[in-house]
């Protein structure tokens, strides 16, 4: 006969304890890669390129890309 035992443990962890790649890997493992409103970074760069090439405003997409890349709002 097998028994299941659960034990609760509290651990103090800071996000600074993990490097960026650790966090990216964990997000991808959970199916939550870098995306903003359904757009991956490559899609944002492509959109920025097309808008810049045609002289249109691309500030919103650039802000989204910065947020995706470093997690900070400009």
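Computed from the coordinates by the stated procedures, all read-outs in this text should not be read as laboratory data. Just so you know, these numbers come straight off a predicted model, no measurement behind them. Glycine also receives a Cβ, built like all others from the backbone with ideal geometry; neighbour counts cover every protein chain displayed.
Each helix, a run of at least 4 DSSP H residues, gives -39500 (n - 2.57); summed and divided by the residues of the chain, these come to -14500 deg cm²/dmol at 222 nm.
Read through the labelled values (1) 30, 16, 10; (2) 39, 15, 9; (3) 25, 11, 8 and report the label of the one computed as semi-axes √(5λ) of the Cα gyration tensor in Å from the structure. Given (1) 30, 16, 10; (2) 39, 15, 9; (3) 25, 11, 8, the structure-derived one carries the label (2). Placing R0 at 22 angstrom, the Cβ-Cβ distance between residue 49 and residue 74 gives a FRET efficiency of 0.70 after rounding to 0.05. Between residue 30 and residue 5, the C-beta separation translates, for a Förster distance of 22 Å, into a calculated FRET efficiency of about 0.25. Annotation: extensible slack from residue 66 through residue 16 equals 16.0 nm (criterion: 0.36 nm per residue apart, minus Cα-Cα distance).
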